[in-house]
1. If the requirement is being hydroxyl-bearing (Ser, Thr, Tyr) and modelled with pLDDT under 90, which of these qualifies: Thr76, Thr49?
2. Suppose we filter the stretch 263-301 for residues that are touching a residue at least 24 places away in the same chain (Cβ under 8 Å), over 14 Å from Gln249 (Cα atoms) and in a strand (DSSP E or B); how many remain?
3. Return yes when Ala65 is crowded, with 23+ Cβ neighbours inside 10 Å, more than 19 Å from Gly223 (Cβ to Cβ) and in contact with a helix residue (DSSP H, G or I) (Cβ under 7 Å, 6 or more places away or on another chain) and no when it is not.
4. Which residue, of Thr158, Thr206, Thr167, Thr211, is outside any loop (DSSP other than H, G, I, E, B), at pLDDT 95 or above and under 17 Å from Val19 (Cβ atoms)?
5. Of (1) surrounded by fewer than 21 Cβ atoms within 10 Å (Cβ to Cβ); (2) within 12 Å of the chain's Cα centre (by Cα), Phe216 satisfies all except one. Which?
6. Among (1) assigned to a helix (DSSP H, G or I); (2) without any contact (Cβ under 8 Å) to a residue 40 or more places away in the chain; (3) crowded, with 20+ Cβ neighbours inside 10 Å, which single condition is Tyr226 missing?
Amino acid sequence: MPRQTRTSSQQTVPAGLLVVDKPAGMTSHDVVSRVRRIMGTRKVGHAGTLDPMATGVLVLGLERATKLLGHLALDTKAYLATVRLGSATDTEDADGEEVSTADASGVTESAAAAAMAELTGDIEQVPSKVSAVKINGRRAYELARSGEEVELSARPVTVSRFDLLATHSAGEALDLDVMVECSSGTYVRALARDLGERLGVGGHLTRLRRTRVGPFGLVTAHGLEYLEQHPELSMDLDQAVAAAFPRHQIDAATARALSHGKSVAGADIAGTYAAFDPEGHALALLRNQGTTAKPVLVLRPAG
């Protein structure tokens, strides 16, 4: 694993990805700020966000890899979560104010599983009112926090898995431990809300842990305390590109052309793919246009 030592003004921070296991109680921006201090660089960005109550995988890019973040295929995500049936909150999670209660002690596992099945597959989901969805240029959560009424339209999402792992009685409430695999843009708190509504008892999220985003999982993630003692990348730029994109090997002449941003002969690969030079370095991300390939991002430009 690439090792990163603490930097001084004379040292160069290598480009690459850092997969952080975000702790509860911090915003994604808080994590970025902490990593900037730990790694000794201002050039840190994050792909996607996690709510303060959530833990788990948060992908950060350092140096040139910040430009890579917008091109990563992070369209599938996986979570472990706990849904509490029997109460609904205004934020659809445990950080909000309770707005309704009901006796959920009679909800059976089979009833819960059946309702979860109805929320699996290609569905229409109304995002959470405290989401980052924009309404007339403002974030929904900003409007909600200022007391304004928030009306969001349903949008298509894909929930490939919504599995019941265990149940726990909590008086008149019932806690469900669940596993969710879904497309980007799916709100797990909205799944908790909709599940409670389908069962007629209300529901909200009490725990959320992201275990995977795209190809990046907890196996490569570091906690912030570990990083304080061992400031190191999860993967360097070449490893990150190889993990996220189909690989296309190119010769030296093609590498020189790409380093100057020129189009080259295309490969028989759909979507965005990565060109690796003869030395094994990721040089550019390409996308075909007819028989040629146009660079969408040059990772190692000439000069």
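1. Thr49
2. Result for the stretch 263-301: 7.
3. yes
4. Details: Thr158 fails: under 17 Å from Val19 (Cβ atoms); Thr206 fails: under 17 Å from Val19 (Cβ atoms); Thr167 fails: under 17 Å from Val19 (Cβ atoms).
Among Thr158, Thr206, Thr167, Thr211, only Thr211 is outside any loop (DSSP other than H, G, I, E, B), at pLDDT 95 or above and under 17 Å from Val19 (Cβ atoms).
5. Phe216 satisfies every listed condition except (1).
6. (3) is the only condition that Tyr226 fails.
Per-residue answers, yes or no, for (1) hydroxyl-bearing (Ser, Thr, Tyr); (2) closer than 21 Å to Thr49 by Cβ:
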{"site": "Glu197", "(1), (2)": "no, no"}
{"site": "Leu208", "(1), (2)": "no, yes"}
{"site": "Val219", "(1), (2)": "no, no"}
{"site": "Gly223", "(1), (2)": "no, yes"}
{"site": "Tyr226", "(1), (2)": "yes, no"}
{"site": "Pro231", "(1), (2)": "no, no"}
{"site": "Asp236", "(1), (2)": "no, no"}
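The values are calculated or read from the model by the stated rules, or taken from the named source; none is laboratory data. Being a predicted model, the structure only gives us computed values, none of them experimental. As a convention, Cβ positions derive from the backbone with ideal geometry for all residues, glycine included, and neighbour counts pool all protein chains shown.
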